[in-house]
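Student: Dropping a structure here in structure tokens format, bear with me for questions.
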Amino acid sequence: MFKRILVPTDGSPMSHRAIACAVRLAKEQNARLTALWVGPAWEPNLYAYGRGVPAGFVSPKAHAAHVKKLGDRYLGEARKAAAAARVPCACHSVQGAFPHLEIIKAARRRRCDLVIMASHGRRGISRLLLGSIAGKVLAHADIPVLICR
């Protein structure tokens, strides 16, 4: 039924559970797995005018290298779990200010027919203030989304 499954991760314990679920389902369905990590987009320091370079300034190139390093670390869990189950897995890290849009773009670009992701289970005011990436993906994706709690 499913041939290409996308599993976004943020390196959290909940994401590890979603990875395990995705690997199990991919194995059962004889599907390919794509693991995705969305890192923060580089933003120019708005206070960078004046005489010198402000403290804490990071160049776009250095930021991209840092995001790739973090992505490799977080995606390592998916790579190991898929290899242990002998499930084909491609790992990708991208940068974006809106993770839910990057997840949906990756699902379309890779022609995935299912997204499996974790829900961190925020409730009440914290969910309203912080939002829910899983909820946004669920609301905007045009393919099935399986939420692991």
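Just so you know, all these numbers are worked out from the coordinates, no wet-lab data involved. From a predicted model like this one, the values you see are computed outputs, not experimental measurements. Positions of Cβ are backbone-derived with ideal geometry, glycine not excepted, and every protein chain shown enters the neighbour counts.
Student: Expected output is a single nm value to one decimal: the length gained when fully extending between GLU28 and ILE143, i.e. 0.36 nm times separation in residues minus the C-alpha distance. What is it?
Tutor: So the chain would gain 39.5 nm between GLU28 and ILE143.
Student: Now for a different question. Show the residues, 5+ positions off or on another chain, whose built amide H is closer than 5 Å to the amide H of THR34.
Tutor: The answer is ILE5, LEU6, VAL7, ALA90.
Student: May I pose another question? Just grab the label-to-label distance for TRP42 and PHE98, each label 7 Å out from Cα along the Cβ direction, in nm (one decimal).
Tutor: Once both label points are built, they end up 2.2 nm from each other.
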